[in-house]
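Each remark here refers to the structure printed beneath this line.
The values are calculated or read from the model by the stated rules, or taken from the named source; none is laboratory data. If you're wondering where the values come from, they're calculated on a predicted model, not measured in any experiment. Backbone-built Cβ (ideal geometry, glycine too); neighbour counts: all protein chains shown. For accessibility, only protein heavy atoms count, side chains too; no ligands or nucleic acids. Shrake-Rupley method; radii C 1.70, N 1.55, O 1.52, S 1.80 Å.
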Amino acid sequence: MKRTVIETNHLVKTYRRYKKKEGIRGSLTGLWKREYEEKTAISQIDLSISEGEFIGLIGPNGAGKTTLIKMLTGIIAPTQGHLDVLGYYPNDLKNEFKKQYAVVMGQKSQLFFELTLNDTLRLFKEIYEISEEDFQKNKNYFVKLFGVEDLMDVQVRTLSLGERMKMELIAALLHNPKILFLDEPTIGLDAVASKQIRKFLKEINQKNGTTIILTSHYMEDIKALCKRTVVVNHGSKIYDGETQELFNRYQKNKKIIVTFDEQDMDITLKTPNAVLLENTLHKKIYKVSKRSAKDLLAELMEYDTKDIAVEEEEIGVIVERIYQEGSACHA
Amino acid sequence: MKNNIKKNLRVLRELFYLRVHGLTVFRLDFFGPFLVDGSLFVIQLLAFEAVYANVDTIGTWGKGEMILYLGTFSLLNAVNMTIYFFGVNNIPYKVRSGEFDLYLSKPVSPLFHLTFENISPGSVPLIIMSLCMITYGIRILQIQLTLTAIFSYVFWTAIMAVLYYEVEMVIRSFSLYLVSMARMEQIEEAGIDLCMKVPGTALYGIYKVIFYLILPYGIMATLPVQSMIGEMNTQTAVYGTGTVLLFSLVTAALWKQGLKHYNSTSS
């Protein structure tokens with residue numbers, strides 16, 4: 001049986017925020033008398049994660065995903081509840097604990113933009129107290145894995161977003177962390193770069209046994225990588241179970257985007273349940289049930305199309321459906 | 001403890017190398033501070049000359065003592081600019097922008113990391129110019145230099161450099177508790193500006209309370225000079241050491257509690 005690396009019980013995080021009254025009068029009154037409201041960012045979350053798991057953490061904007069990651073890494077302290085990560089209380093900020101995890105935030109870079117990755121890695125070697133032998137071994141392994149041999153001596157600021165994310169991951173993985181927290185690592189990346197990043201993450205999880213907790217807005221990331229998914233909304237856990245089951249049960253439709261060279265293409269469809277969501281000069285977007293998606297695609301292929309793309313339903317839709325069908329039995 | 005010091009020294013070395021690499025990318029970044037700091041120093045000297053063309057003494061100190069005082073304050077300021085100012089000054093911004101999160105997730109003291117990540121080699125000439133000024137002051141005063149006098153002066157200058165850092169840190173630690181710093185750094189600027197021109201010995205009443213206790217810029221260059229010219233008594237020495245210790249405790253407590261209080265920013 002694999003050991004538990006993350007354990008939370010009734011975890012709560014609340015913030016106090018100032019509620020400003022409208023208008024200039026409200027602003028001036030606020031100088032002397034203020035109204036505050038309690039905002040619950042995380043509410044009674046119980047979570048248990050075992051060594052080597054690859055977990056997806058999803059939810060709409062403001063659901064509490066990042067707050068949860070920040071508590072698990074010790075960046076912020078919980079308001080209430082029990083929290084144990086690798087046997088430590090994260091907010092004690094012990095160096096022994098911090099050596100055992102890494103965090104990559106898609107919107108915050110840990111690299112020095114004017115310098116090269118080689119320069120930055122030297123600093124990380126000293127911060128994480130990595131021996132020269134391990135440093136060279138790990139660096140060479142990840143550089144080869146990510147295929148960035150030619151980019152190691154290039155200023156970070158000149159790299160593309162996809163290349164930079166690879167560099168962020170190399171910097172994060174250099175010390176062989178037991179847990180890797182990834183907060184939106186594929187945000188803003190194109191399809192090719194996202195696919196590459198997914199491939200590397202899969203390899204790191206399988207070969208090195210690194211426990212990975214991934215938050216993402218892209219359902220493709222979660223579907224391709226995570227065996228287990230936790231869905232949070234308004235700070236509460238509303239689903240915790242197998243990713244496959246989540247998609248089978250709650251993702252009922254697909255979105256099909258078709259573009260044409262010809263303007264105002266006249267299309268008559270026979271596929272049942274196909275709904276036209278958007279109709280512009282060169283583009284049509286359909287929503288169709290998962291079962292009928294194949295039929296609709298076959299039908300559309302008979303027309304002179306320029307491009308066809310199939311997209312998963314957005315996280316917000318899935319969250320809404322979990323709510324409608326009741327979440328208690330899954331959380 | 002020993003291992004931790006060794007590790008911090010290695011991290012410090014790498015931070016220094018990274019800083020030098022970074023500064024050499026843009027030539028103006030590297031050479032600019034030499035020019036700017038040099039010009040500021042000359043302006044200070046000219047202001048000093050203008051004052052002493054009209055007055056003979058400030059408080060009980062004449063021109064020689066004042067040159068020594070100005071040189072000492074300039075040295076403290078130069079050490080600050082070279083080693084930690086640019087790192088410490090960025091703390092409120094890093095807290096507001098959420099960049100501070102990354103410092104908390106690294107296994108090295110975030111305070112150490114932030115303090116030494118922006119060392120400025122461009123301010124080193126300011127240290128040399130300040131030392132020249134101190135030497136000139138000593139010559140004017142015709143002070144017989146003894147080992148005890150040198151040791152005493154170096155000791156007081158060193159602990160006052162620590163105090164200078166601590167006052168900077170106390171002011172910036174508020175950013176961990178408050179969203180807006182309300183330009184609190186400007187109080188610091190005004191204090192430094194005044195105390196660079198007027199020694200602590202010339203301050204009385206409420207000014208003495210403010211600049212000896214609340215924002216102790218008034219003692220920072222005064223005490224080293226007093227130790228050099230033989231004006232320091234036991235009471236002043238105890239007060240100076242006590243102030244440094246008090247500020248060390250306040251800085252450590254504010255920072256430690258601030259880390260617990262830190263709520264990061266929304267992503």
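What the table shows:
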| read-out | value |
| --- | --- |
| Residue that is within 14 Å of another protein chain (Cβ to nearest Cβ), at pLDDT 90 or above and within 15 Å of the chain's Cα centre (by Cα), where the choices are B:F85, B:F116, B:F73, B:F112 | B:F116 |
| Filter result (within 14 Å of chain A (Cβ to nearest Cβ) and touching an Asp or Glu at 6+ places or on another chain (Cβ under 8 Å)) within region B:218-264 | B:S264 |
| Among the candidates A:L115, A:L72, residue that is farther than 21 Å from B:N263 by Cβ and either open to solvent by 10 Å² or more (accessible area, probe 1.4 Å) or not basic (K, R) (or both) | A:L115 |
| Residue tally, condition open to solvent by 70 Å² or more (accessible area, probe 1.4 Å) and either more than 24 Å from B:L145 (Cα to Cα) or touching a residue at least 24 places away in the same chain (Cβ under 8 Å) (or both), over region B:23-74 | 19 |
| Output for region A:46-64, where each listed residue is surrounded by fewer than 22 Cβ atoms within 10 Å (Cβ to Cβ), more than 10 Å from chain B (Cβ to nearest Cβ) and either among the small types (G, A, S) or under 19 Å from B:V108 (Cα atoms) (or both) | A:S48, A:S50, A:G52 |
| Pairs, first within 21 Å of B:V36 (Cβ to Cβ) in region B:110-125, second open to solvent by less than 10 Å² (accessible area, probe 1.4 Å) and small (G, A, S), C-beta under 6 Å, six or more apart | B:E117/B:G87; B:N118/B:G87; B:S123/B:A78 |
| Number of the exception - A:G188 against (1) away from chain B (no Cβ under 12 Å); (2) within 18 Å of the chain's Cα centre (by Cα); (3) surrounded by 15 or more Cβ atoms within 10 Å (Cβ to Cβ); (4) farther than 30 Å from B:N4 by Cβ | (3) |
| Test: residue in region A:301-319 that is crowded, with 17+ Cβ neighbours inside 10 Å and more than 30 Å from A:S43 (Cβ to Cβ) | no |
| Residue tally, condition of a type outside the set (S, T, N, Q) and surrounded by fewer than 19 Cβ atoms within 10 Å (Cβ to Cβ), over region A:234-253 | 7 |
| Residue ID - surrounded by the most Cβ atoms within 10 Å (Cβ to Cβ), chosen from residues in region A:197-233 that are of a type in the set (D, E, K, R) and closer than 18 Å to A:K144 by Cα | A:R198 |
| Odd one out for A:G147 among (1) more than 10 Å from every other protein chain (Cβ to nearest Cβ); (2) of a type in the set (G, A, S); (3) under 23 Å from A:T215 (Cβ atoms) | (3) |
| Tally of residues being assigned to a strand (DSSP E or B) and either open to solvent by less than 20 Å² (accessible area, probe 1.4 Å) or more than 7 Å from chain B (Cβ to nearest Cβ) (or both) across region A:100-112 | 5 |
| Residues of region A:86-99 classified as over 24 Å from A:N205 (Cβ atoms) and more than 8 Å from chain B (Cβ to nearest Cβ), total | 3 |
| All positions within region B:218-249 that are more than 17 Å from the chain's Cα centre (by Cα) and assigned to a helix (DSSP H, G or I) | B:Q226, B:S227, B:M228, B:I229, B:T234, B:Q235, B:T236, B:A237, B:V238, B:Y239, B:G242, B:L249 |
| Any pair with Cβ under 7 angstrom, 6 or more apart, that starts in region A:279-299 at a residue that is within 16 Å of A:D266 (Cβ to Cβ) and ends at one that is open to solvent by 20 Å² or more (accessible area, probe 1.4 Å) and small (G, A, S) | A:Y286/A:A274 |
| Matching strands (runs of 3 or more DSSP E) fully within region A:28-88 where at least 3 residues are within 20 Å of the chain's Cα centre (by Cα) | A:36-50, A:54-58 |
| Residues located in region A:113-140, provided they are under 22 Å from B:V20 (Cα atoms) and more than 7 Å from chain B (Cβ to nearest Cβ) | A:F113, A:T116, A:L117, A:N118, A:T120, A:L121, A:F124, A:K125 |
| Enumeration of residues in region B:241-254 that are within 30 Å of A:I69 (Cα to Cα) and open to solvent by 20 Å² or more (accessible area, probe 1.4 Å) | B:A252, B:A253, B:L254 |
| Residues of region B:169-217 satisfying the condition of being in contact (Cβ under 8 Å) with a residue 12 or more places away in the chain, open to solvent by 20 Å² or more (accessible area, probe 1.4 Å) and assigned to a loop (DSSP other than H, G, I, E, B) | B:Y177, B:V179, B:M184, B:V198, B:L215 |
| Among the candidates A:T14, A:T79, A:T67, A:T8, residue that is open to solvent by 40 Å² or more (accessible area, probe 1.4 Å) and either away from every other protein chain (no Cβ under 14 Å) or touching a residue at least 24 places away in the same chain (Cβ under 8 Å) (or both) | A:T79 |
| In region A:280-294, the residues that are in a strand (DSSP E or B) and in contact with a Lys or Arg (Cβ under 8 Å, 6 or more places away or on another chain) | A:I285, A:Y286, A:K287, A:V288, A:S289 |
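Listed here are the residues, each with its yes/no results for (1) out of contact with any helix residue (DSSP H, G or I) (no Cβ under 7 Å at 6 or more places or on another chain); (2) within 16 Å of A:M219 (Cβ to Cβ); (3) assigned to a strand (DSSP E or B).
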position: A:K255; (1), (2), (3): yes, yes, yes
position: A:M265; (1), (2), (3): yes, no, no
position: A:P272; (1), (2), (3): no, no, no
position: A:E278; (1), (2), (3): yes, no, yes
position: A:L296; (1), (2), (3): yes, no, no
position: A:E299; (1), (2), (3): yes, no, no
